[in-house]
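All remarks here apply to the structure that follows.
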Protein chains: 2
Amino acid sequence: MASSWVPDMDSASDFSLANIPFGIISTPDDPKPHAAVAIGSYALDLKVLCASTDLTQIFPGTRGLAEAFSQPALNAFAEMGRAVHRQVRAGIQDLLSTATAHPSVLRDNTALRARALLPQSTVKMHLPMAIGDYTDFYAGYHHAHAVGVMFRGPDNALQPNYLHLPVGYHGRTSSVVVSGTPVRRPVGQILLPPPPPPPADPAEAAQQPPPPPSRPVTAPSRKLDMELELGCFLGGAGNEMGTAVPVDGADEHIFGYVLLNDWSARDVQTWEYVPLGPFNGKNFATTVSPWVVPADALEPFRARGIENATELQGYLREEREDNVFDIRLEVDLTTAEGDTTTICRTSSRNLVWSFPQMIAHHTLGGCPMRAGDLLGSGTISGPGGVDERGSLLEMTENGKKEVLLAGMDARTFLKDGDTVTLRGFCGADGARVGFGACRGRIYSAVER
Amino acid sequence: MASSWVPDMDSASDFSLANIPFGIISTPDDPKPHAAVAIGSYALDLKVLCASTDLTQIFPGTRGLAEAFSQPALNAFAEMGRAVHRQVRAGIQDLLSTATAHPSVLRDNTALRARALLPQSTVKMHLPMAIGDYTDFYAGYHHAHAVGVMFRGPDNALQPNYLHLPVGYHGRTSSVVVSGTPVRRPVGQILLPPPPPPPADPAEAAQQPPPPPSRPVTAPSRKLDMELELGCFLGGAGNEMGTAVPVDGADEHIFGYVLLNDWSARDVQTWEYVPLGPFNGKNFATTVSPWVVPADALEPFRARGIENATELQGYLREEREDNVFDIRLEVDLTTAEGDTTTICRTSSRNLVWSFPQMIAHHTLGGCPMRAGDLLGSGTISGPGGVDERGSLLEMTENGKKEVLLAGMDARTFLKDGDTVTLRGFCGADGARVGFGACRGRIYSAVER
Ligand SMILES: [Ca+2]
Ligand SMILES: [Ca+2]
Ligand SMILES: [Mg+2]
Ligand SMILES: [Mg+2]
Ligand code: NI
């Protein structure tokens, strides 16, 4: 990878010249949210760049970019499709390269650099897309298996449909928020656990009143959890209602990727989810990282996912076998006291379904997908021990064991004041393709 | 109710002066979708009206109406809240009354009438709202009970949570379409039923190969169904993320109501829905009626819903007992040959949860609701016989019995070429508050 003239490039930065992720910023000079890319510790303001530059020179053949990059979401750009994204990314990579073919545009243009190249610490990040629909899948095989073992035992761990189709559910778009947004512990309806068994001495037991039956209460969730997921934003023109997207062409419908924390209230979910699926246990907040890593930037990091020995239906049979990405993923938990523990390290290759398979399945019946739609991978866990698990539910076996933390602390589920940070990157130092932080801090519930 | 000067007012019209439902139209003169109200067999073009009239005279104190009514969806108007909706509806009722206080504005203004009052047959209807999120509930008690009996027997018909909270799931907004939009039979992954038992003669049975196991296939749904529902569009400013809407104030968050057909592929749903709920079995199409009946127009038709003896959590306890509406509902099935049978007659009072209760539950954990969000009631069935059932699933006991149709025809589930029409109205002749038709015709699947 070429080197960049951008100051202070750190070889450990997620935002090397090999990345060029897109986001929505507002700045002290322009509080209206608009588009940017991340490069090292800087944001390149694309609205300012477009307003000051003859774009046909740098992005020949692309139209409407200045308009698209002035919007408060990346949807218009995402709609332009992979070919345009490729060209724009390549054009920006050239502009930011030490050996740029257009040095006068930005590298040697001190006035424009001062206005367009802004330290990330000085800009505010916004939700990158206007999300039309959000679907959360369940493709993390080791997560699904571990949770299944916990609730149904090892013989029935996976539901009968699990290896035949990418199981998923429709999520809530209005509560998808950008990294850094406070997350309030949800109040919910919760079925209190059955009371403890009576004392062993039969004489004593006979004197006890009969145990009260299980009953629901309305209370702050006692089992607030995180879920480590990869998010996928769709781009392109979308499929018309009534038509399906073939699995082998589905990659062309992908704009880019983010990290996604699907906050989950386990106790709320347990009581509500039969028979129609998760609802209030999930819809109070979902956090995404602010920079959308373009699909092309992840191409060099393709890998094979989890092997699925099931004979797949034709519409799910993908030609390529390296249909997922090997992204190193980490979860940090920071206590209110400021002690940080990395509680999970795994890889996004631990998926049994690829995003193209999810898209092919989602559209099989003709459901229309649109640029800006968000897909979640499902919780990603590794095959190994508790330090590879993408949720506290798994790490603590639903609260039975504690996860030990720095600062002599421990958790079963999240406490008020805890901050969860997801991180992910691929590639060698100096050419990393990473996501930045996907972070949320828990605030105490509002009593109802 | 006052009489209207609008020509050809039919006393059986859904769109009497007592109604004034809002919709989005395009016209031969103005193909850009914009707002209108229905009156009798006419649409009053609100964009034309606003452009030609001093609105401060008719709607004193309201601002931004001309802009809102020029939009391709009613969201901006819905956001203005109930007080504005009340005033605008009252102003329009005055303008359209024989004894209008402002005869020169429209009644006696032949030129404006010619441009603004258009036969409904000459305008095209569009989806009335830009739907941010769509949630489908399950509040039709008799439906939930009948389906429960069918799959789990009478002792476990209702799930333990059913009477404690309004069960619901997040639906797909991208496939919500306006009445008249063709509905293509979805292809889906379906678990074939187990093979028939071997012949009775043991000698013969021994010669048969062992029966093949159940296996999924990819095929057009064989169990395509409709669901009769009431839809509710939200309005007002919405609740901030992290805050809840109290049940007794929730009515102020409602803009209006439509009929909703939640098309359902039962065989697809059966195989996919454990454990995360309905997905492709529902997301291929949902049809809504085009005119949004304002919440105020239904106020005179309040009724008590289904009694719920469960001790409710405080956040679900509503002060008023007449918390649902008594809307007469009908379902027509028209065959490809053109024979129409009314297969269901019931009332929207057959709900065990009100929309305010659904909103209070939905926001309990802080999930933000926005103007334009759509809630479905769940399938509405009456307590009586098969002719009160809001889905073919119930009428035919999941395909075991046939529903007899006019033209010597019969159905278990829907056939290609069938048209389903939902209708609903309240009130006496000449003052009806109705919804018009919510209609969709089934087109054959595209083979994958
Ligand atoms: Ca999840
Ligand atoms: Ca439904
Ligand atoms: Mg979530
Ligand atoms: Mg539907
Ligand atoms: Ni007046």
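No value in this document is a laboratory result; all are computed from the given coordinates. These figures come from a predicted structure and were not determined experimentally. Methodologically, a virtual Cβ is constructed for each residue, glycine included, from the backbone with ideal geometry; neighbour enumeration extends over all protein chains shown.
Brief remarks on what is shown
- Estimated vicinal HN-Hα couplings, Hz - the stretch A:323-329 in sequence order (Karplus 6.51, -1.76, 1.60; Gly, Pro = x): 9, 10, 10, 9, 9, 6, 10
- Ranking A:ASN323, A:LEU259, A:GLY305 by how far each Cα lies toward the positive end of the dipole of the protein assembly as shown (charges on Cβ) leaves A:LEU259 at the top.
- Loop-resident GluC sites (Glu not before Pro) (DSSP state other than H, G, I, E or B) in the stretch A:260-366 with no more than 13 further Cβ atoms inside 10 Å of their Cβ: A:GLU307, A:GLU311, A:GLU319, A:GLU321, A:GLU337.
- Helix B:82-96 vs. chain B, principal-axis angle (Cα, 0 to 90°, nearest 10): 70
- Lys, Arg +1 and Asp, Glu -1 on Cβ, resulting dipole of chain A about Cα centre, debye, nearest 20: 740
- Taking the Cα centre of the stretch B:31-174 as origin and assigning +1 to Lys and Arg Cβ atoms and -1 to Asp and Glu Cβ atoms, the resulting dipole is close to 260 debye.
- Counting only aspartates and glutamates at least 8 places from B:LYS32 when in the same chain, those with an alpha carbon closer than 13 Å to its own are B:ASP45.
- Pairs of Cα atoms farther than 32 Å apart, chain A, %: 40
- For residues of A:281-292, the mean tally of beta carbons on other chains within 10 Å: 2
- Of the trypsin sites (Lys or Arg not before Pro) found in the stretch B:52-104, those in coil by DSSP whose Cβ has at most 12 other Cβ atoms within 10 Å are B:ARG63.
- A dipole drawn for the protein assembly as shown from +1 and -1 charges on Cβ atoms has a positive end, and of B:LEU192, B:THR286, A:THR379 the residue lying farthest that way is B:THR286.
- Approximating the spin labels as points 7 Å out from Cα along Cα→Cβ, the A:TYR443-to-A:ASP296 distance works out to 4.0 nm.
- Of all beta-carbon atoms in chain A, the one sitting closest to the axis that brings chain A onto chain B gives A:GLY277, 1, with the distance in whole angstrom.
- The label point for A:THR98 and the one for A:ALA2, both projected 7 Å from the Cα toward the Cβ, are 1.2 nm apart.
- Per-copy distances of the B:ASP108 label point, shortest first, in nm (7 angstrom along Cα→Cβ): 7.7
- Rounded to the nearest 20 debye, the dipole magnitude of the protein assembly as shown is 860 debye, with +1 charges on Lys and Arg beta carbons, -1 on Asp and Glu beta carbons, and the Cα centre as origin.
- With contacts taken as Cα pairs under 8 Å and at least 6 residues apart, the stretch B:22-126 reaches a relative contact order of 37 percent.
- Degrees between helix B:141-152 axis and first principal axis of chain B (Cα, 0 to 90, nearest 10): 10
- Relative contact order of chain B: 22 percent, from C-alpha pairs under 8 Å at least 6 residues apart in sequence.
- Cα gyration tensor shape for the stretch A:22-126, rounded if a/c is under 1.5, else prolate or oblate: oblate
- In this assembly of identical copies, the label point of B:ALA83 (Cα plus 7 Å along Cα-to-Cβ) is separated from its counterparts by 5.4 nm, sorted shortest first.
- Listed by chain and number, the lysines placed with their C-alpha closer than 18 angstrom to that of A:LYS223 are A:LYS282, A:LYS400, A:LYS401, A:LYS415; residues fewer than eight positions away on the same chain are left out.
- Interatomic Cα distance distribution for the protein assembly as shown, bins of 20 angstrom, percent: 14, 44, 34, 8, 0
- Loop-resident sites, the stretch B:394-444, for GluC sites (Glu not before Pro), counting at most 16 other Cβ within 10 Å (DSSP): B:GLU397, B:GLU402
- Nm distances between copies for A:PRO182, ranked from closest, using label points 7 Å along Cα→Cβ: 5.2
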